[in-house]
Amino acid sequence: MQDQNQEILFLVVIGGLLALLLVGFIVTILFLYQRKQYRQEQELARVKEEYDQEVLKSQLEIQETTLKSIAQELHDNIGQVLSVVKLSLAVLPIEKEHQAYAPLQHIREVLNKAVYDLADLTKSLHTDRIAQIGLVESIRFDLETLRKTGLMKVNLDVHGEEYRLGEQKEIFIFRIFQELVNNILKHAKATEIAISLDYLSEEAFAFSVRDNGVGFDMQEKKNSLSPLNGVGLKSMRNRAKLIGAAMLFTSEPGKGTFVQMELPLLRNKEND
């Protein structure tokens, strides 16, 4: 009887061990399966991220090419036509006493302004110019054009000595700057705008824009269901992301808006 009980106990122990081994095997299989699935999901996410980045990069490159073509077309065609009209008006034999003299002078002034404004616009759009004169001068040029309009007080601070960040990075940062200024002109109702470029840090380049406009509710903008709401912010963040920069938007209704971008310099040593 004792031998039989021992056999039963032995079978129970063996059965328990087998059950534990089976459970352990099943748990291990599930763990390995989940781990493999997690890795696959990570790989799919990485591939999707790379694909999205490539698509976005292609779109922005096409946009830059289009802007460059438009700038060239404006300069070669419309600019030349305006110059011809300007010269034609200049040689008209009209005396000061003629009743058409004063209106003609006004037309000449308006035409001169149109020629200069068009020249400024083509310079701002042309990618090659941004690469040639650098980020600081490109921004200073656009701000000087804005200052001449008298729409708002403009201030530019450059901290440290400018160094090149790389052609693509500087073009993207300049387009972000233009997008910010455009948003301020369209929506902010600001009277002052301050731009700061910081070349002092050895670890990161910093760029910021502050205005004293009406501001906006960040959470409301984020939760908006309108497909057009926040498109500009998303576009700027996408540009920043492509060059490895981070952007921070701070705004409250009635308190203006502050935008800061930081670009790590570890990747840019070859351009220092």
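The values are calculated or read from the model by the stated rules, or taken from the named source; none is laboratory data. Here the structure is a predicted model, which means the values were calculated and not measured. With ideal geometry, Cβ positions are generated from the backbone for all residues, glycine too; neighbour counts draw on all protein chains shown. When the accessible area is computed, the model is the full protein with side chains, heavy atoms only, and any ligands, DNA or RNA have been set aside. Shrake-Rupley method; radii C 1.70, N 1.55, O 1.52, S 1.80 Å.
Looking at region 145-153, is at least one residue in a loop (DSSP other than H, G, I, E, B), touching a Leu at 6+ places or on another chain (Cβ under 9 Å) and open to solvent by 40 Å² or more (accessible area, probe 1.4 Å)? There is at least one residue in region 145-153 that is in a loop (DSSP other than H, G, I, E, B), touching a Leu at 6+ places or on another chain (Cβ under 9 Å) and open to solvent by 40 Å² or more (accessible area, probe 1.4 Å).
Determine if region 210-222 includes at least one residue that is outside any loop (DSSP other than H, G, I, E, B), open to solvent by 20 Å² or more (accessible area, probe 1.4 Å) and either within 28 Å of THR145 (Cα to Cα) or at pLDDT 90 or above (or both). Yes, region 210-222 contains a residue that is outside any loop (DSSP other than H, G, I, E, B), open to solvent by 20 Å² or more (accessible area, probe 1.4 Å) and either within 28 Å of THR145 (Cα to Cα) or at pLDDT 90 or above (or both). Taking the criterion of being part of a helix (DSSP H, G or I) and touching a helix residue (DSSP H, G or I) at 6+ places or on another chain (Cβ under 6 Å), the residues of region 176-194 that qualify are ILE176, PHE177, GLU179, ASN183. Taking first residues from region 161-189 that are within 22 Å of GLU252 (Cβ to Cβ) and partners that are modelled with pLDDT of 85 or more and of a type in the set (Ser, Thr, Tyr), the Cβ contacts under 8 Å between residues at least 6 apart in sequence or on separate chains come to ILE184/THR257; ALA188/THR257. Evaluation of SER201 against the conditions (1) out of contact with any strand residue (DSSP E or B) (no Cβ under 6 Å at 6 or more places or on another chain); (2) part of a helix (DSSP H, G or I) shows that the sole unmet condition is (2).
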